[in-house]
Ligand code: G1P
């Protein structure tokens, strides 16, 4: 069955980015010229995803407002002849069919994904953590869909991470199949560097078979009282195969100010409108 749905988790508190995220959800922080969550939607649209389920918190109005059609704004832009701006505004609201579900309590990533169970309705689906921005020629989810189509099993995106940083990630125990694909033998969430089974760390892209929901429902609260998706994946692994995929592209962790700065500089340099000017500005700086 083709993967046509994606769940985007956007209910976190963004604590690594306070105070910027006190009143604004981190997914609405701008990266170069649009909010982070729009990159996730564009990745979906460019990967053949037709329906997106966004998991948000109650009273988090900015995200829905960004993707809803704004009749008033469109009318004003039209009257003023601002056709480029109008196209940008319309692009945001035409990327996919979007529905919203709430995560009322902060009980972890596994719990956030579980909130989308009814909307996913028994289909295989992608998950995007929108603060992991992946820049590349082929969208990461599109690459992963090809792996899913080959094996008809869950796929998790992984990246080689230096040993001193593996304790921030879920780490896979891989059985290498080819240069990019490994069969997952096991998973450890945020291990001590000396106990990590490899340097292949999970980043914020997954494709799951729908059986993951039953596994999340069985998952007890683990580390820091949260329902970890990695624990649910462990349970799924006892029943189904799972694959790790080392994607092509560069990932930026925009959930932190430093990661956001790096992404802003690198994606700013590539921007078709002002990348050239930005480069000459940067080269003038005495670094
Ligand atoms: C979550 C997952 C972890 C994964 C990471 C990727 O952790 O639990 O396995 O490596 O996302 O961003 P978090 O960053 O939410 O602590």
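Please treat every number below as a calculation from the coordinates, not as lab data. Note that the coordinates shown come from a computational prediction; the quantities given were computed from them, not determined experimentally. Cβ atoms come from the backbone with ideal geometry, glycine included; neighbour counts cover every protein chain shown.
Based on the convex hull around the alpha carbon atoms, the chain presents an average projected area of 16.7 nm².
By the count of other C-beta atoms within 10 Å, a proxy for reagent exposure, 230, 15, 254 are ordered fewest to most as 15, 230, 254. Cβ-Cβ distance of residue 146 and residue 76, R₀ of 41 Å, FRET efficiency by 1/(1 + (r/R0)^6): the value works out to about 0.45. For the chain, the 222 nm mean residue ellipticity estimated from helices alone, with every DSSP H stretch of n ≥ 4 adding -39500 (n - 2.57) and the total spread over all residues, rounds to -9500 deg cm²/dmol. In percent, rounded to a whole number, the relative contact order of the chain is 22, using alpha-carbon pairs under 8 Å and six or more apart. Against the chain, whose longest principal axis comes from its Cα atoms, helix 140-151 is set at around 30 degrees. Here each label is just a point 7 Å from Cα along the line to Cβ, and for residue 270 and residue 107 those points are 3.8 nm apart.
With a Förster radius of 22 Å applied to the beta-carbon distance between residue 118 and residue 224, the computed FRET efficiency rounds to 0.25. Beta-bridge orientation, the chain: approximately 55 percent antiparallel, per DSSP, counting only bridges with both partners inside. If r is the Cβ-Cβ distance from residue 178 to residue 256 and R0 is 41 Å, what FRET efficiency results, to the nearest 0.05? After rounding, the FRET efficiency stands at 0.80. Against the chain, whose longest principal axis comes from its Cα atoms, helix 36-45 is set at around 70 degrees. Sorting 175-185, 255-265 by average packing, meaning the other beta carbons within 10 Å per residue, from highest down gives 255-265, 175-185. Helix 257-269 and the longest principal axis of the C-alpha atoms of the chain enclose an angle of approximately 60°. May I ask what percent, to the nearest 5, of DSSP beta bridges between residues of region 1-107 are antiparallel? Counting only bridges with both partners in region 1-107, antiparallel ones make up about 15 percent.
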